[in-house]
Amino acid sequence: MMNISQKKLEKSKGRLEIKIKDQNLQKLYQQGSLKALMPDFHENLKQLMLINTAGGITSGDEYNYDIEIDKSDLCISTQAAEKIYSGFGDPANLVINLNLSNNSNLFWLPKELILFNNCNLKRKINFNLSKDSNLLLCESIIFGRTSMKEEFEKGYFSDFWNINIDKKLIHTEAINTGLFEKKYLNSLSILNNNSAVATIIIVGNKFLNNVNNLSETLTNNENTTSNYSHWDNKLIVRLLSKDSYNLKFAINKILSYFFEGSKIPKVWNI
């Protein structure tokens, strides 16, 4: 009898190509389970919602995003948290390319990435900026859905982000382990018994000109630890939390600071 590891399981695939120029949508190509919406929230900032109709990602799935932003301001988020389920075989492959040109500003604010036990994911995100463009990105990773008492024991997770300005690499983030285990969550030098982590990276003078009082917005208590570094014309904030609820609360305080009194875009909060 054929066991489950030998069966040819159905896989999900998707491709999304978007171009926004002069604040107008010029191209929207959707294939497979990847979709996009541009809701009209009656706010000044144009907002884009990314949707995965498959409801999650598992081994062997393939997703590709190519988004071009030209002379435009845009906030991008996802419809919901992206769930990375357990699976067999080759890892799911997720590639995201975001290109900014001609004084464009991007708020990259996807909702959290939830890694379930025995997850199997390889992800790469490329940010390509012109020197007059600005980027504020926030990525959150949750190890297990703690609100449902689900614990993360182990899984494969490879994650690479590259930020380029005028084709010159200025920053790389990388997580690449053969097997990510619970002991890393418990390690004092890694996650220190936390299950939720976020990174905020800011590049460009539009956002960096106002960081003098940022430390006052950071959350540091029994549930969350956060701090930031500012060098080489970029700012990086790291946050660790016991769960996704406390993490998002801390993130919202920081985002409110950079939106300078304006409301955080609805596409992030719904």
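Here are a few things to note about the model shown:
- Here Thr217 clears all of (1) at pLDDT below 90; (2) under 22 Å from Ser256 (Cβ atoms) except the condition numbered (1).
- Among residues of segment 225-270, those that are among the hydroxyl-bearing types (Ser, Thr, Tyr), crowded, with 20+ Cβ neighbours inside 10 Å and in contact (Cβ under 8 Å) with a residue 60 or more places away in the chain, counted: 1
- Where Lys182 falls short, out of the listed (1) within 22 Å of Thr224 (Cα to Cα); (2) basic (Lys, Arg); (3) surrounded by fewer than 16 Cβ atoms within 10 Å (Cβ to Cβ): (3)
- Output for segment 221-239, where each listed residue is farther than 28 Å from Lys131 by Cα and either of a type in the set (Gly, Ala, Ser) or touching a strand residue (DSSP E or B) at 6+ places or on another chain (Cβ under 7 Å) (or both): Asn223, Thr224, Thr225, Ser226
- The combined condition, being free of Cβ contacts under 8 Å to residues at least 60 places away in the same chain, among the acidic types (Asp, Glu) and farther than 23 Å from Lys131 by Cα, is fulfilled by Glu150.
- Any chance Asp40 is surrounded by 16 or more Cβ atoms within 10 Å (Cβ to Cβ) and either within 15 Å of the chain's Cα centre (by Cα) or not basic (Lys, Arg) (or both): no
- Test result for Leu109, under 30 Å from Asn192 (Cα atoms) and buried (at least 20 other Cβ atoms within 10 Å of the Cβ): yes
- Looking only at segment 153-178, residues that are at pLDDT 95 or above, surrounded by 12 or more Cβ atoms within 10 Å (Cβ to Cβ) and of a type in the set (S, T, N, Q) come to 2 in all.
- The residue that is surrounded by the most Cβ atoms within 10 Å (Cβ to Cβ), among those in segment 55-86 that are in contact (Cβ under 8 Å) with a residue 60 or more places away in the chain and in a loop (DSSP other than H, G, I, E, B), is Thr58.
- Residue in segment 228-240 that is under 17 Å from Ser140 (Cβ atoms), outside any strand (DSSP E or B) and among the basic types (Lys, Arg) present: no
- Extreme residue, modelled with the highest pLDDT, among residues of segment 87-100 that are touching a Ser or Thr at 6+ places or on another chain (Cβ under 7 Å), surrounded by fewer than 18 Cβ atoms within 10 Å (Cβ to Cβ) and not hydrophobic (A, V, I, L, M, F, W, C): Asp90
The values are calculated or read from the model by the stated rules, or taken from the named source; none is laboratory data. Worth saying up front: this structure is predicted, and the values here are computed from it rather than measured. Every residue, glycine as well, gets a Cβ built from its backbone with ideal geometry; the counts of neighbours run over all protein chains shown.
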